[in-house]
């Protein structure tokens, strides 16, 4: 298995989606599309849902609820995993681990493991996604690992 690095080299700092697009859109790695088109393009592939969490004061439960909502909307065409959703489930079941904190090396390791497992990354249009450092770093790391990143255009579009 290939190593996944977070943060992706060259993309530290504030999220700069224009820079990321310049680097990867020509290669077809970073794509914007409605949910119905995404379901056709990513069907049968394991996806990681990258949702805003760290630093946006959404709270883990709201972020997990939003991830769960999108996970359900993408089924059955796309099976997805989400570090935020999985971490919340573990906390709800009484698991205590430093990997469940929203910052630090252990949390980044949890995200890296999810990235390693997935075939594609999907970014739903959840408020603040474009300002979220954690979403940006996941996208950059996926692209640097030759994985497609799909940004769902506004609207739920089942």
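Throughout, read-outs are computed from the coordinates displayed, never taken from laboratory work. Just so we're clear, the structure is a prediction, and the values are computed from it rather than from any experiment. Here Cβ is always computed from backbone atoms with ideal geometry, including for glycine, and neighbour counts include all displayed protein chains.
List of remarks:
- From least to most packed, judged by other beta carbons within 10 angstrom and beginning with the fewest, 22, 45 follow the order 22, 45.
- Approximate spin-label separation residue 16-residue 97, in nm, with each point projected 7 Å along Cα-to-Cβ: 3.5 nm
- Where labels lie 7 Å past Cα in the beta-carbon direction, separation of residue 45 and residue 119 in nm: 0.7 nm
- When its C-alpha radius of gyration is set against 2.2 N^0.38 Å (N residues), region 17-152 gives a value of 0.99.
- Relative contact order for region 22-135, counting Cα pairs under 8 Å that sit 6 or more residues apart, in percent: 37 percent
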